[in-house]
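Step one of this worksheet: look at the structure below.
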Amino acid sequence: MTTPSFNLFQFKPIGIIHSPYKQKFAIPRQPRLVKQIEGLLALTDEFSIEGILAGIENYSHLWITFIFHQTLSQGWSAKVRPPRLGGNDKMGVFATRSTFRPNPIGLSAVENLGHYQHEGKYFIRLGGIDLLDQTPIVDIKPYIPYCDAIPDAQAGIAQTQPSSNMPVSWSPQAIAFCKQNIHSYPNLQTIVSDILQQDPRPAYKKKNILPQNYSVYLYDLNIHWTIENQQTLVTHINKK
Ligand code: SAM
């Protein structure tokens, strides 16, 4: 059998996402795990065309296809280590949702929170995203339950949602910050708790019993927390 020759396909982004997630660390591993997080998909000037989004408001959810732009330069691997396997065992890349793929394309079903036009540009508000800020978007399609939802599908190592049962408590300073800034960041305490309940640490750090300090950029904030004895404490939050 001869191998067919293919053309190279070139895609240009149709948009870019403005996301509260400013670092890869602590982004949930799939969409809708942190439901209150919201991103804004801005169509590029080239695709901000009258009528291009007409009818999209009739779909509650959308498939977003995007480029894993931040890990592009690291290439890909035929076998990868899914976090679900504790970071030790390997699986074939096509049996996983790893970012290190031959074609670094991501696919997420997210909530459609509405679209609008501003100064000639088109925007869609998206709920529950798992995308890094500035991710290039290559396509948008409606999510269609009758053919896209398969409730009795087998899902290998990912049959159930990853556990999100890390207890999260808050210091008085961190609670006060949320209260003082409620108008700028209305759901901050819920969002941060939802992210940290999933324990974003890499698998090899989860065995560590000594206290560990972490921080991550979210919106224009720096969120700091400590983990000790499998308990998370949000210690403080400050503006960048
Ligand atoms: N739902 C998508 C899928 O299945 O194709 C993405 C799954 S992937 C496991 C999700 C992770 O991709 C996030 O936790 C984040 O660390 C990473 N990520 C998100 N946006 C990215 C980007 N633009 N470049 C590289 N990695 C990204």
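Say each of Phe11 and Gln230 gets a label point 7 Å from the Cα, pointing the same way as Cα to Cβ; how far apart are those two points in nm?
Here the answer is 4.1 nm between the modelled labels.
For His61, list long-range residues whose amide hydrogen, built 1.01 Å from N in the peptide plane, is under 5 Å from its own amide hydrogen.
Amide H to amide H, under 5 Å and 5 or more residues apart or across chains, His61 pairs with Asn112, Tyr143.
Under the Karplus relation 6.51 cos²θ - 1.76 cosθ + 1.60, θ = phi - 60°, what is the ordered set of whole-Hz ³J(HN,Hα) values for segment 162-178, x standing for Gly and Pro?
x, 5, 9, 10, 5, x, 10, 10, 10, 6, x, 4, 5, 5, 4, 4, 4
Rounded to the nearest 0.05, what FRET efficiency is calculated for Leu210 and Ala176 with R0 set to 25 Å and r the Cβ-Cβ distance?
0.35
Could you grab the relative contact order for the chain? Cα pairs under 8 Å, six or more apart, rounded to a whole percent.
Taking the mean separation of contacting Cα pairs over the length of the chain, I get 26 percent.
Taking neighbour Cβ counts within 10 Å as the exposure measure, how do Glu46, Glu38 sort from fewest upward?
Going from sparsest to densest Cβ surroundings: Glu46, Glu38.
Once you wrap a convex hull around the alpha carbon atoms of the chain, what is its projected area averaged over all directions, in nm²?
Answer in nm², one decimal: 16.7.
Separation between the Gln159 and Met91 pseudo-spin-labels, each 7 Å from Cα along Cα→Cβ, expressed in nm?
Modelled inter-label distance: 1.3 nm.
For the chain, give the share of DSSP beta bridges that are antiparallel, in percent and rounded to the nearest 5; count only bridges with both residues there.
95 percent
Could you go through segment 119-124 in sequence order and give the Karplus-derived ³J(HN,Hα) for each residue, using 6.51 cos²θ - 1.76 cosθ + 1.60 with θ = phi - 60°, rounded to whole Hz, and x for Gly and Pro?
Taking θ as phi minus 60°, the curve returns 6, x, 10, 10, 9, 10 Hz for segment 119-124.
Label Ala203 and Ile144 with points 7 Å out from Cα along Cα→Cβ: what is the distance between them in nm?
3.7 nm
Give, to the nearest whole percent, the P(r) tail of segment 19-97 beyond 20 angstrom, counting all Cα pairs.
53 percent
Residue by residue through segment 30-38, which ³J(HN,Hα) values in whole Hz follow from phi under the Karplus form 6.51 cos²θ - 1.76 cosθ + 1.60 (θ = phi - 60°), with glycine and proline marked x?
8, x, 6, 6, 10, 5, 7, 6, 10
Considering just Cα atoms, how many Å³ per residue does the convex hull of segment 15-158 enclose?
Roughly 126 Å³ of hull volume per residue.
The numbers here are math on the coordinates, done by the rules we state, and not lab data. Small disclaimer: the values here were computed from a predicted structure and weren't measured. Backbone-built Cβ (ideal geometry, glycine too); neighbour counts: all protein chains shown.
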